[in-house]
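Structure first, commentary second.
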Amino acid sequence: MTNPAPRVSIVIPAYNEGDSIVPSLERIFESVTLAYEVLVVVDTEGDTTIPPVERLAANEPRLRHVINTYGRGPAQAIRYGIDQAAAATVVVTMSDGCDDPRQIDDLVRLVERGVVVAAASRYMPGGQQVGGPVFKQFLSRTAGRTLNTFANVGTRDATNSFKAYNRAFVQSVGIDSRSGFEIGLELTAKARRARLPVAEVPTIWLDRTAGESNFQLGAWLPKYLRWYFFTFGKKLTLDEIKALAAKVESHEKEK
């Protein structure tokens, strides 16, 4: 018996997680009821994430790992995973177990109803963040609140990486991020500039209990600021957004 065509492709960037990724994957298997595939994206064939993923995949045909060929780092891994996805809706979630996969079904259904970005929100009623660096939480909460209030962006957690996307929308505007986890903010900003719908559902984020985070606030903060300010502005067509973002990217490289 073959598996049904997936309604959602779940993309997980991973870097030397080893066995730490196993509980996260098992929670996805337990929680998601829609037809799905899981793509664990790593940068090299020697990544320690691969052996435990292969062991699980022996009994879970919806799971596979792919080797990112776009370049090192989480942004490139996410880009590669989205391009390899089979479903019309893509969910990006982290390998560290911080995200709650019980929201994946609801996020997918929001995209299927017409939103182009569906965010799992820590900062809306019913959401919560437990643990994690206080300063990082302050910055993400402040960014989400101000973008929602002053740019009407559609979510109070624009910086969260745990989101579902309409894959056709992502392909039409492109992904310009090349380093960190700012893709979630980038695509939310682009949706706002296109005046396309963004929605959110509450989630509870729990700080990881195993392994170390690969988030580098100091190095990636300027990248987040770029997309924060990009959110504000007049309505643009999808082609205009793609061209403008590419122009900004070229200017950043010249600095």
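The values are calculated or read from the model by the stated rules, or taken from the named source; none is laboratory data. Computed from a prediction, not measured in an experiment: that's the story for all the values here. Reconstructed Cβ throughout: ideal geometry from the backbone, glycine too, with neighbour counts over all protein chains shown.
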Checklist outcome for this item: Note on Tyr80: of the conditions (1) under 18 Å from the mean Cα position of the chain (by Cα); (2) assigned to a loop (DSSP other than H, G, I, E, B), unmet is (2)
Checklist entry - For the subset of segment 28-48 comprising residues that are of a type in the set (Val, Ile, Thr) and surrounded by 15 or more Cβ atoms within 10 Å (Cβ to Cβ), which member is farthest from Ala75 (Cα to Cα)? => result Val32
Item to check | The one condition in (1) in a helix (DSSP H, G or I); (2) among the small types (Gly, Ala, Ser); (3) within 23 Å of Ser121 (Cα to Cα) that Ser9 fails to fulfil | outcome: (1)
Checklist entry - Can you tell which of Phe138, Phe215 is surrounded by fewer than 13 Cβ atoms within 10 Å (Cβ to Cβ) and at pLDDT below 95? => result Phe138
Next on the checklist: Can you tell me which residue is nearest to Val91 (Cα to Cα) among those in segment 170-202 that are buried (at least 24 other Cβ atoms within 10 Å of the Cβ) and small (Gly, Ala, Ser)?
Outcome noted: Gly184
Item to check | Any hit, segment 54-62, residues being farther than 24 Å from Val198 by Cα, basic (Lys, Arg) and at pLDDT below 95 | outcome: no
Item to check | Subset of segment 37-77 (residues that are assigned to a strand (DSSP E or B) and either within 14 Å of Ser24 (Cβ to Cβ) or within 16 Å of the chain's Cα centre (by Cα) (or both)) | outcome: Glu37, Val38, Leu39, Val40, Val41, Val42, Leu63, His65
Next on the checklist: Looking only at residues that are touching a helix residue (DSSP H, G or I) at 6+ places or on another chain (Cβ under 6 Å) and β-branched (Val, Ile, Thr) in segment 95-119, which one is surrounded by the most Cβ atoms within 10 Å (Cβ to Cβ)?
Outcome noted: Val117
Next on the checklist: Quick check on Asn59: is it touching an Asp or Glu at 6+ places or on another chain (Cβ under 7 Å) and either closer than 23 Å to Gly180 by Cα or loosely packed, with under 15 Cβ neighbours inside 10 Å (or both)?
Outcome noted: no
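Here's the yes/no breakdown for (1) under 17 Å from Asp105 (Cβ atoms); (2) in contact with a Phe, Trp or Tyr (Cβ under 8 Å, 6 or more places away or on another chain):
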| site | (1), (2) |
| --- | --- |
| Ala14 | no, no |
| Gly18 | no, no |
| Glu30 | yes, no |
| Leu39 | no, no |
| Asp43 | no, yes |
| Asp47 | no, yes |
| Ala57 | no, no |
